[in-house]
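Report on the following structure.
The values are calculated or read from the model by the stated rules, or taken from the named source; none is laboratory data. On a predicted model such as this, the values are computed, not experimentally measured, just so you know. All Cβ positions, glycine included, derive from the backbone under ideal geometry; neighbour counts span all protein chains shown.
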Amino acid sequence: MKITPPDAVPQEHRSHAPRAVGCFVLTISDSKTAETDTSGALIRELLMAAGHTVVGQGMVKDEPAQVQAVVRHECADPRIQAFIMTGGTGITSRDATFEAVEGLLDKRLTGFGELFRMLSYAEIGAAAMLSRAQAGVVTGRVLFSLPGSPNACRLALEKLILPELGHLIREVSR
């Protein structure tokens with residue numbers, strides 16, 4: 001059996017992937033304001049630096065109904081191809097983003113959460129297990145749900161999301 005090098009297969013896919021993706025950034029927090037939302041600002045900055053478009057942004061309390069309402073509403077905008085969410089992925093009594101997102105997903109990208117926790121473990125140790133970061137597909141769009149920490153958002157975007165965002169959009173559009 002021949003083993004293909006890691007980048008050999010996706011390279012052909014990447015060549016047909018969009019270079020710019022329309023993104024919606026959503027912060028989920030009971031305590032942050034537009035002025036103190038460093039994670040949302042970092043996500044927008046990294047997306048734009050990589051050539052993607054931030055079509056919209058929002059902030060809601062950690063209430064599943066609010067999170068779901070924003071995602072459902074924004075799915076009506078054909079410019080939005082991806083959602084990047086930050087906050088509410090922990091295990092406190094108020095952290096409900098995981099459950100809100102789980103109820104929206106048509107398909108789950110379980111490998112995202114696994115890889116994110118593996119990379120987090122290398123940086124922060126066993127505390128990485130507390131993250132319930134996840135990704136999937138909702139109404140033909142890719143959705144990523146990240147922790148509220150700017151360091152976690154940077155890690156997820158730089159190591160996982162940005163290198164594959166165009167490829168993911170190509171695949172979900174087929």
Problem set entry | Members of the range 85-100 that are in contact with a Ser or Thr (Cβ under 8 Å, 6 or more places away or on another chain) and either among the basic types (K, R) or not in a helix (DSSP H, G or I) (or both) | M85, T86, G87, G88, T89, G90, D95
Problem set entry | Test: G125 is within 13 Å of the chain's Cα centre (by Cα) and either at pLDDT 95 or above or aromatic (F, W, Y) (or both) | no
For this session: Would you be able to tell me the number of residues in the range 94-124 that are in contact (Cβ under 8 Å) with a residue 24 or more places away in the chain, surrounded by 14 or more Cβ atoms within 10 Å (Cβ to Cβ) and closer than 23 Å to L47 by Cβ?
Result: 13
Seminar exercise, completed: Over the range 144-154, the set of residues within 19 Å of E164 (Cβ to Cβ) and surrounded by fewer than 24 Cβ atoms within 10 Å (Cβ to Cβ) is A152, R154
Exercise. When the range 85-129 is examined, which residues are found to be of a type in the set (D, E) and under 17 Å from A156 (Cα atoms)?
Worked result: E114, E123
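Here's the yes/no breakdown for (1) at pLDDT 95 or above; (2) closer than 14 Å to F83 by Cα; (3) under 14 Å from the mean Cα position of the chain (by Cα):
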| site | (1), (2), (3) |
| --- | --- |
| V9 | no, no, no |
| E12 | no, no, no |
| A17 | no, no, no |
| F24 | yes, yes, yes |
| D37 | yes, no, no |
| I43 | yes, yes, yes |
| L47 | yes, yes, yes |
For this session: Just give me the residues in the range 15-70 being surrounded by fewer than 15 Cβ atoms within 10 Å (Cβ to Cβ) and not in a loop (DSSP other than H, G, I, E, B), in sequence order.
Result: S15, E45, M48, A49, T53, A65, A69
Exercise. Hey, any hits in the range 77-84 for a residue that's in a strand (DSSP E or B), over 17 Å from A152 (Cα atoms) and either in contact with a Leu (Cβ under 9 Å, 6 or more places away or on another chain) or not charged (D, E, K, R) (or both)?
Worked result: yes
Exercise. Right, I91: touching a residue at least 24 places away in the same chain (Cβ under 8 Å) and loosely packed, with under 13 Cβ neighbours inside 10 Å or not?
Worked result: yes
Seminar exercise, completed: Checked pairs for the range 141-164, first more than 25 Å from R72 (Cα to Cα) and of a type outside the set (K, R), second modelled with pLDDT of 95 or more and assigned to a loop (DSSP other than H, G, I, E, B), C-beta under 8 Å and 6 or more apart or across chains, list as A152/S131; A152/A133
